[in-house]
Amino acid sequence: MLTDTGIKKLKPKDKPFKVTDANGLYLDVSKVGSKVFRFRYRHPQTKKEQVFTIGEYPAITLKQAREMRDKARELLAVGVDPNEDKKQKSIDLLDKANQIKAQDNRMTFGELFNQWYAHNEKSWSYVYALKITQRAEKHLLPIIGQMAIEDIKPMDVIKVLKLSEAGGRVDLTTRIRQYITRAYRYGIGFGYCEQNPASELPNDIFEKAVKENYAHTTDPKVLTQVLKAIDSYTGDISTKKALELAPYIFLRSKELAGIRWDEIDLEKRLIEVPAERMKKKRPHVVPMSSKVIEIIEYMQPLSGDCEYLFPSPRTKARPINEGSLNPGLHRLGFKNIQTFHGFRHTASTMLNEMGFMGDVIEKQLAHEEANKVRGAYNKAQYLPQRKAMLQAWSDYLGGLKKGAAVIPLHRKSV
C-alpha cells in the first residue's frame, strides 16, 4: 500500500508508470513527474473496466484519495457509475453558476427607471425632470432600486407608497405610483418584463388627497395690496416681471414662465402658446392688453437677444424656474393669501361677478370644452370678446393700483 513518504520519493522514469494502493486505487506517475490518483473499477451494467480520475497529488492527499475511492465504491454498490455521477454534478454546478450569473445580470428597477427617464427626459421641461429625479432618489430608488424588476411584487410597491404616505404627502404617493407604473410600461414595451406590479393595487388602502383651492383673494382692497407689493419686488427682474404679468393673462405658472419671444406678436397684440406647452395640449391665444404690452416692451432690451421672455438669472438658455414664482409672493407676505395659480381663480370669480360671459372667461382660462374637437381647432374662439374683456380687466386692475374709485363692469353682451 502507498504511504505519503513513499509517494514523495517516487521519481519520474522514461515511461509513465503506476503504483498500486488497494481496492482499485493507484497512483499514475507521468514522465514529467506529475502524480495523479485514479480508481480502477468495472461499470455496474456493462462490466467493462473503467478509470475514475480522483485528482493530482499533493493537492489531493493519500487520505483524501482513499476517502473518494470509498465513496465511488459506495456508488457502485447501488448501481451508479462514479464517472457519470461526477459528470452530472459538474453539470449541476455549471447550471447553478449560470443561474447565479443570470441573476446577477438581471435588470434592476433602478436600471429600468434610468432607461425610462433617459428615454423621456427630452420631452420634459427642466423643472419637471428635476422634480422626478429628486422624488425618485429620495422616496423610490433607495427602497426598490436594487431589486430585480421581476422580483418586485405588489407588496413591495405598497411598502414604498406607504412610506411616502406616512410622511404626510398624499400627493407625493400618487406621483411615486405614477413613476413606477410608467417605468414598468416602458419595460413591458421593450420586453424587459411582462407584468407591472403597481397596476392592480387597490386604491382603498391609500389615503385620499383632500383637494384644496389655490389661495387667492377676490377682495379688491387685498388685491390692490398684492399688485402694489409686486411692483415693489426687489428680487430677480425676470421673476418680478413674470409676477406683474400673471394677473393680466391667466396662464398657468409653467406656461407663463416659458413664454418665448417667437410666441409674441406685438403687432397683432397676441401671445400664441403652442399646444405642447399647454396643460390641455391645445394651442392657446392670449390677447395682450396695453399693460401686458408695457411689461413685454420693458423686457425687450433685457431678454430680447435670447429665446425666452423671462430667462433664468443663471443662464439665458433656460426660462425662469416656475417654482420660484410662489416663493416670490411668499416673500412679499402673501403666503396663504394669494398664490400664483390663484390669480386664475381671482380673475375667474371677479370677471363672472362683473357680468362677463362665462364661456369667454373659460376660453381665456384654456379650460376643457364640452366639444373637444371644436376646441382643438378653434384656438381663436371668442377672440374679439376676449380682447375686450382683458383690456377691461387690465383697466380695472390699473384703477385699483391708482386708488381710483373703480366701478365693476357689467358686460353680459361681452
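The values are calculated or read from the model by the stated rules, or taken from the named source; none is laboratory data. Note that the structure is predicted; figures quoted are calculated from it, not measured. Every residue, glycine as well, gets a Cβ built from its backbone with ideal geometry; the counts of neighbours run over all protein chains shown.
General observations
- Single residue of segment 307-338 satisfying the filter (more than 30 Å from T349 (Cα to Cα) and without any contact (Cβ under 8 Å) to a residue 40 or more places away in the chain) that is surrounded by the most Cβ atoms within 10 Å (Cβ to Cβ): K316
- R42 vs. criteria touching a Ser or Thr at 6+ places or on another chain (Cβ under 8 Å) and modelled with pLDDT of 90 or more: no
- Residue among A166, A198, A136 that alone is hydrophobic (A, V, I, L, M, F, W, C), farther than 30 Å from I320 by Cβ and either crowded, with 16+ Cβ neighbours inside 10 Å or at pLDDT 90 or above (or both): A198
- From V19, V32, residue being in a strand (DSSP E or B) and over 60 Å from the mean Cα position of the chain (by Cα): V19
- In segment 227-253, residue surrounded by the fewest Cβ atoms within 10 Å (Cβ to Cβ) [restricted to those that are charged (D, E, K, R) and closer than 15 Å to G328 by Cβ]: D231
- For segment 79-106, the candidate set comprises residues that are at pLDDT 90 or above and not in a helix (DSSP H, G or I); within that set, the residue that is surrounded by the most Cβ atoms within 10 Å (Cβ to Cβ) is D81.
- Segment 12-29 residues that are touching a residue at least 12 places away in the same chain (Cβ under 8 Å) and assigned by TED's automatic domain parsing to the domain that holds R40, paired with ones that are assigned to a loop (DSSP other than H, G, I, E, B) and among the hydroxyl-bearing types (S, T, Y) (beta carbon under 7 Å, 6 or more apart): P12/S30; P16/S30
- Subset of segment 45-61 (residues that are closer than 16 Å to N23 by Cα and crowded, with 19+ Cβ neighbours inside 10 Å): F52, I54
- Looking across segment 247-284, the residues that are in a helix (DSSP H, G or I) and more than 21 Å from C306 (Cβ to Cβ) come down to P247, Y248, A275.
- Long-range neighbours under 8 Å by Cβ, at least six apart or interchain, first residue among the small types (G, A, S) within segment 248-274, second part of a loop (DSSP other than H, G, I, E, B): S253/F340; S253/H341; A257/F310; A257/I320; A257/N321; G258/S125
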